[in-house]
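Encoded as structure tokens, the structure appears first; notes follow it.
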Amino acid sequence: MSLTNKKNRIVIIGAGAVGSTTAYTLLLRERMDELVLIDANKEKAIGDALDMSHGLPFLGKAEIWAGTYEDCKGADIIIITAGAAQREGESRIDLLKRNVAIFESITTEVLKYNTDGILLIASNPVDVMSYFTWKKSGWPINRIIGSGTLLDSARFRYLIGEKLNIDSRSVHAHIIGEHGDSELPLWSLANVAGSGLSLSGQDKEEIFLNTRNAAYQIIKAKGATFYAIALALDRICTAILHNEASVLNVSTLLQDYHGVSDVFLGVPCVVDRNGIREVLKLEISAEEKSLLEQSAKKLKDVIGTVSM
């Protein structure tokens, strides 16, 4: 909890599977003093707030309530998880037209009450929605953060660790680009404690395909993904609230990043109390640069179809 007189407030817009799981994760890890849930279905938000509040005797002191957009006032972080759910067999980009209208309404309401917090976007397609939010808000780039490829990179590290029988926390590996089908693995930089990976070409292909297709596999099995993304959002919130200056693969506006500009993509960034402090320009291979350019072009083409 906060050690200062100012209470840390996190607002979550969207109390669906991702929003409610994120709220519960943040509560269990005692990340904030005040937690506000906002949803078009007010009864659902009320139910979640009550359910979590009843567990406070087992945890500690916090205030949790179902609120309105007015409660965004003074919030340190506003997490947006609202939007249409991804259907089986549907790509994240296919969600775009259904989500843009929802997001425009949300952003308009948030801006009435908060002008200095950090907007953390998790709704898919997250890179496009983050770009749209930045354009709509007019806020500085550092205070608009998409969840990006943080979860993809975690999946990547987990699968590498499983293959090598090594704790995934000791695996250093990145997925960058779109949080979606055009994402790319940085095999040229992947390592364990500075040592190269003893993986065959077939191993690498299998690991990356399982990383890229993980969401589709989970959606087919149970309808939605929410546990791991909740942990990823918790990780970003922790880096912000604790001023960690941690390196996280989040989505941000790129400007001449290996020739890529004016698009939000997931790349390693330094995240602290002010949001994104710095974008780290990794030394990547010529093939990886080409794949990054392709990922950027794909999203730019999609962005070009959206009326801002």
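The values are calculated or read from the model by the stated rules, or taken from the named source; none is laboratory data. Only a predicted model underlies this, so the values are computations on that prediction, with no experimental measurement involved. Cβ: placed from backbone, ideal geometry, glycine included. Neighbour counts: every protein chain shown. Each accessible area value is taken on the protein alone, full model and side chains, heavy atoms only, with ligands, DNA and RNA left out. Shrake-Rupley method; radii C 1.70, N 1.55, O 1.52, S 1.80 Å.
So here's what we get for this one:
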item	result
Computed lengthening from Lys97 to Lys61, 0.36 nm per intervening residue step minus Cα-Cα distance	8.9 nm
Cα extents of the stretch 151-278 along the three principal axes, largest first (Å)	40, 37, 29
Length released on extending from Ile218 to Asp116, taking residue separation times 0.36 nm less the Cα-Cα span	33.1 nm
Relative contact order (%) - the stretch 252-308, alpha-carbon pairs under 8 angstrom, separation at least six	27
Estimated 222 nm signal from helices in the chain, with DSSP H stretches of n ≥ 4 weighted -39500 (n - 2.57), rounded to 500	-13000 deg cm²/dmol
Candidate aspartates and glutamates - alpha carbon under 16 Å from Lys112, same-chain residues fewer than 8 apart omitted	Glu70, Asp71, Asp76, Glu104
Approximate spin-label separation Lys204-Glu70, in nm, with each point projected 7 Å along Cα-to-Cβ	5.8
Cα centroid separation, the stretch 25-89 to the stretch 175-230 (Å)	29
Accessible area expressed per residue, the chain, with surrounding protein chains retained (probe 1.4 Å, Å²)	45
Relative contact order (%) - criterion: Cα under 8 Å, at least six apart; region: the chain	18
Low-density loop positions, GluC sites (Glu not before Pro), the stretch 52-90 - DSSP coil, at most 13 other Cβ in 10 Å	Glu88
Neighbour-limited loop hits for chymotrypsin sites (Phe, Trp or Tyr not before Pro), the stretch 105-212 (at most 14 other Cβ within 10 Å; DSSP other than H, G, I, E, B)	none
Beta bridges by DSSP in the chain, antiparallel share as percent, to the nearest 5	50
11 Å beta-carbon shell around Gly67, net charge (K/R +1, D/E -1)	-2
Of Thr149, Ile160, Thr133, farthest towards positive along the dipole that unit charges on Lys, Arg, Asp, Glu beta carbons give the stretch 123-185	Thr133
In range of the label at Lys297: residues from the stretch 244-273 whose backbone nitrogen is under 20 Å from the point 7 Å along Cα→Cβ	254-266
20 °C / 1.002 mPa s Stokes-Einstein diffusion coefficient of the stretch 23-74, Kirkwood radius on C-alpha pairs, µm²/s	191
Of all accessible heavy-atom area on the chain, the percent that carbon and sulfur account for (1.4 Å)	50
Cleavage-rule hits, trypsin sites (Lys or Arg not before Pro), the stretch 243-284, DSSP coil, Cβ neighbours within 10 Å at most 16	Arg273, Lys281
Charged-residue dipole, Cβ positions (Lys, Arg, Asp, Glu), the stretch 62-182 about Cα centre, Debye nearest 20	200
